[in-house]
1. On the basis of being assigned to a helix (DSSP H, G or I), farther than 14 Å from ALA330 by Cβ and away from the ligand (no atom under 16 Å from the Cβ), does PHE302 make the cut?
2. Just wondering, is there one or more residues in the range 317-340 that are in a helix (DSSP H, G or I), within 15 Å of the ligand (Cβ to nearest atom) and touching a residue at least 24 places away in the same chain (Cβ under 8 Å)?
3. Touching a strand residue (DSSP E or B) at 6+ places or on another chain (Cβ under 8 Å) and either of a type in the set (Ser, Thr, Tyr) or in a helix (DSSP H, G or I) (or both): is that true of GLU277 in this structure?
4. Of (1) open to solvent by 40 Å² or more (accessible area, probe 1.4 Å); (2) in contact (Cβ under 8 Å) with a residue 24 or more places away in the chain; (3) over 30 Å from ILE286 (Cα atoms), LEU200 satisfies all except one. Which?
5. Pick out, from the range 154-262, the strands (runs of 3 or more DSSP E) lying fully within it that include 3 or more residues that are out of contact with any Gly (no Cβ under 7 Å at 6 or more places or on another chain) and of a type outside the set (Gly, Ala, Ser).
6. Working carefully through the options ASP87, ASP113, find the one that is open to solvent by less than 40 Å² (accessible area, probe 1.4 Å) and without any contact (Cβ under 8 Å) to a residue 40 or more places away in the chain.
7. Need at least 1 residues that are out of contact with any helix residue (DSSP H, G or I) (no Cβ under 9 Å at 6 or more places or on another chain) and open to solvent by less than 20 Å² (accessible area, probe 1.4 Å) per element, so show me which helices (runs of 4 or more DSSP H) inside the range 346-416 make the cut, counting only ones lying wholly within it.
8. Hey, among ILE170, ILE216, ILE164, ILE181, which residue is buried (at least 18 other Cβ atoms within 10 Å of the Cβ), under 30 Å from VAL295 (Cβ atoms) and over 20 Å from the mean Cα position of the chain (by Cα)?
Amino acid sequence: MTPQTILIIILGISIISYLFDQLLDYLNLKAQRKDIPSEIASFYDKEKYSKSLDYYSAQAKFSFITSGLGFIASLAMLALGGFGWVDQLLRPHFSNDIILALVFFGVVMIISDILTLPFQLYSTFIIEERFGFNKTTGKTFILDKIKGYLLGGIIGGLLLSLMIYFVQKIGPDFWIWFALIASAFVLMMNMFYTSLILPLFNKLTPLQEGELKTAIEAFASKISFPLDNIFVIDGSKRSSKANAFFSGIGKKKKIVLYDTLITNHTTDELVAVLAHEVGHFKKKHIVMSMIIGVVQIFFILFVLSLMITNENLSLALGGSQQAIHLNLVAFGILFTPISAITGLLMSILSRRNEFEADAYASETYDGNALSNALKKLSVDSLSNLYPHPAYVFFHYSHPPLLQRLHALKIMTTRNL
Ligand SMILES: [Zn+2]
C-alpha cells in the first residue's frame, strides 16, 4: 500500500469512529425522560432528579465540545503530517532511536496535555463542582498531575524502550518476547496495585473494629472466604462519588472500601456490596478477565508486528523515513476498528458477569440490601436512568440500574 492510501484509511477510520461516537451520544441524550421510575421514586426528590438531568446534559454538551475540538486537532495533525514534522524536528538532535522515540512521545503527550488542561480544569472545578461532586483541591490536582507524569514516564518509558530494543535486536519475532514481558507486567500490576501504586494517590487505612467489621467477618466465615485485608480509602479527597473493589490475587488480595461508601450506606448494604465483589471472585470473573487480558496482549502485539517496520506507515504520517514511534501512532489508529470489536465483546461479557455477581450476593447474603445499595449509589452519582440501548450495548460495562434491580427482584421473590 502506498503512503497516500494508508493516510486515507487512517483519516477514514478517524472520521467514521468520531461520527459513530457522536451518533451514540446523540441517541443517548434524546433518550432522556423526565419521569422517575417507580422502583426508585422514594430515593429521589423531584429536585434532585431534575438536578441529575441537568448534570447529564451539562456533561453531554461539554463532551460534544471537547471531543469535537479533539477530533479537529487530531485530524489536522494527521492530514498535515504533524507527527512527521515533530519527528523531523527532533531527529537531528538524537542519534539513538530509543531516546528519539522517548522524546517524541514525551513532546506529543505534554503538548496534548497542555492543550486539554483548560478542559480538565473546567470539568473538575466547574461542572463537577456545580453538582457538588468535586472535592479535589488545586493542590491535589497539581500533585496528581506530577505523580501521573512521573509514573507514566517511568512505566511507559521503560516499556517503550524495551519494545524498540527488542524490535532492533530480535526482528519480526520481537512480539512474542515483548508479549511475555508485558503479560508479566500486567499480572504484577494486578498484584501490587493496592500496595504500591494506590498509596501514591490515596491514603489506605485498615478497617476499624466495629459493627461493620464484625458483620463482614460473619459473612466471610459463612461463605468460607478470607476477608481479612479490608482497607478504607480516602476517596472523599477527590470526589463524593463512592466505590468498592477487590485488588490483587492470592495472599496479596485486598478489599478496598471508599470512605464515601461507608458514610452513606447501612451495614447490611455494605456487606451486600462486598458479597457482590466476592461473587466476581467465586464465579472466576477475575481470573477470566486476566486470561483474556493476556490473550489480548499477544493478539495486539502480533498485529503490531505486521506493521511496526513498514516504512510507508511513517511516510503516511509525514515522516521522512521509517520510525518506530511514527508507526506506533499509525498503528494506534489502524487498530481502532479491531479494538472496537474486542471492546464490545468485553463489555457484553462484563455486563453478564455483573448479573452473576448480583445473583451471588442475592443467594449468599441479601438481594434487597444490594438493591438498596445500588439505588443509593445511582442517586448519589446522579447516574443516567434511561440510557439508550445502543449506547449501553457499546459502552456500558455494567447493566443499567433498572435492569439490575429487575433481575434482583426476580431472584429475591424466587428465594422466598
Ligand atoms: Zn461488579
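The values are calculated or read from the model by the stated rules, or taken from the named source; none is laboratory data. On a predicted model such as this, the values are computed, not experimentally measured, just so you know. Cβ sites come from the backbone with ideal geometry, for glycine too, and all protein chains shown count toward neighbours. The protein model used for the area step is the full one, side chains on, heavy atoms only, and it has no ligands, DNA or RNA in it. Shrake-Rupley method; radii C 1.70, N 1.55, O 1.52, S 1.80 Å.
1. Numbers: assigned to a helix (DSSP H, G or I): yes; farther than 14 Å from ALA330 by Cβ: yes; away from the ligand (no atom under 16 Å from the Cβ): yes.
Yes; evaluated as a whole, the condition is true for this residue.
2. Taking the range 317-340 first, the residues in a helix (DSSP H, G or I) are 324-334, 336-340.
If we keep only those that are within 15 Å of the ligand (Cβ to nearest atom) as well, we get none.
No, the range 317-340 contains no residue that is in a helix (DSSP H, G or I), within 15 Å of the ligand (Cβ to nearest atom) and touching a residue at least 24 places away in the same chain (Cβ under 8 Å).
3. Working: touching a strand residue (DSSP E or B) at 6+ places or on another chain (Cβ under 8 Å): yes; either of a type in the set (Ser, Thr, Tyr) or in a helix (DSSP H, G or I) (or both): yes.
Judged against the criteria, GLU277 is a match.
4. (3)
5. Working: elements: 204-206, 230-233, 244-247, 254-258.
In the range 154-262, 204-206, 230-233, 254-258 are the strands (runs of 3 or more DSSP E) which contain 3 or more residues that are out of contact with any Gly (no Cβ under 7 Å at 6 or more places or on another chain) and of a type outside the set (Gly, Ala, Ser).
6. Details: ASP87 fails: without any contact (Cβ under 8 Å) to a residue 40 or more places away in the chain.
ASP113 is the lone residue from the list that is open to solvent by less than 40 Å² (accessible area, probe 1.4 Å) and without any contact (Cβ under 8 Å) to a residue 40 or more places away in the chain.
7. On the way: elements: 367-380, 389-395, 401-415.
Once the helices (runs of 4 or more DSSP H) in the range 346-416 are filtered for at least 1 residues that are out of contact with any helix residue (DSSP H, G or I) (no Cβ under 9 Å at 6 or more places or on another chain) and open to solvent by less than 20 Å² (accessible area, probe 1.4 Å), nothing remains.
8. Values: ILE170 fails: buried (at least 18 other Cβ atoms within 10 Å of the Cβ); ILE216 fails: under 30 Å from VAL295 (Cβ atoms); ILE181 fails: buried (at least 18 other Cβ atoms within 10 Å of the Cβ).
None of the other options fit; the residue is ILE164.
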